[in-house]
Amino acid sequence: MRYRVKICGLTDPGQAVAAAGAGADAIGLVFYPRSRRAVRVEQGAAIAAALPPFVSAVGLFVDPAPEEVERVLRGCPLDLLQFHGREDAAFCEGFGLRYLKAIAMGGGADPRREMEAHPAARGFLLDSHAGGKMGGSGERFDWGRIPEALERPWLLAGGLDPGNVAAALALTRPFGVDVSSGVETAPGQKDPRLVREFLDMVRQVERE
């Protein structure tokens, strides 16, 4: 099977072009001011504009006000929204755009229950963060807590890097993976070599 790969927390167009060139399916733009990887609307727009066709730009928010999401959407072309806080389905569906919902595995969330609560979500991220916080910590959760045969598409996130992504895929068999700190030299500074290594490991698993 082919695994989808999202590289999250990019902060300049060059990083986005390099990630896309390495084979990433999507890149994540963080619109959460408290994050060390946060971008301004104009930064996000420049990054999204640099992406080649068929690479998605995903905007990440954590418990935003509706006006904040709308402000970003007016200035930055996004393909999907990603909500990392306690947003309910009505809120997530209120912007006329497809969305992903993060599930706080570090906070003991029940993936099946969260998926049932968001019937319109296009996919989910099972991440190591606790409720009301965001990922990018470099920490992983206990993958053994993931229920078998989840029926909705989901991405594995939290603590992934080139050294462990193959084992993670073999154990959990997600729809795809999401990586941030595992391919960085500093918060928001993606290392092209690590990005390529990460993608190469994913594609190697696909061929096995």
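Just so it is clear, none of the values below were taken in a lab; they were calculated from the coordinates. These numbers were taken from a predicted model, which means no experiment stands behind them. Neighbour counts run over all protein chains shown; Cβ positions are idealised from the backbone, glycine included.
Our coupling estimate for segment 41-50, obtained by passing each phi through the Karplus curve with A = 6.51, B = -1.76, C = 1.60 and θ = phi - 60°, is 4, 5, 5, x, 5, 5, 5, 4, 5, 7 Hz, Gly and Pro reported as x.
Between the beta carbons of E70 and E116, assuming R0 = 35 Å, the FRET efficiency works out to 0.80 to the nearest 0.05.
Fully extending the segment from R34 to Q189, taken as 0.36 nm per residue of separation minus the present Cα-Cα distance, adds 54.1 nm. Placing dummy labels 7 Å off each Cα toward the beta-carbon, the span from E139 to E42 is 3.7 nm.
Database remark: amide H of F124 closer than 5 angstrom to the amide H of K101, W154, L155 (H placed geometrically; neighbours at sequence offset of 5 or more, or on other chains; Pro and chain starts carry no H).
With a cut-off of 12 Å between beta carbons, the residues surrounding P64 carry a summed charge of -2, where Lys and Arg count +1 and Asp and Glu -1. What you get for the chain, charging only the Cβ of Lys and Arg (+1) and of Asp and Glu (-1), is a dipole of about 220 debye around the Cα centre. The Cβ shell under 11 Å around A121 holds other residues with a net charge of 0, Lys and Arg each +1, Asp and Glu each -1.
Our helix-only sum for the chain, with -39,500 (n - 2.57) per DSSP H run of n ≥ 4 divided by its residues, gives a mean residue ellipticity at 222 nm of -9000 deg cm²/dmol. Proximity of backbone amide H atoms, modeled 1.01 Å from N, is registered between Y32 and V39 at under 5 Å, excluding neighbours fewer than 5 places apart on the same chain.
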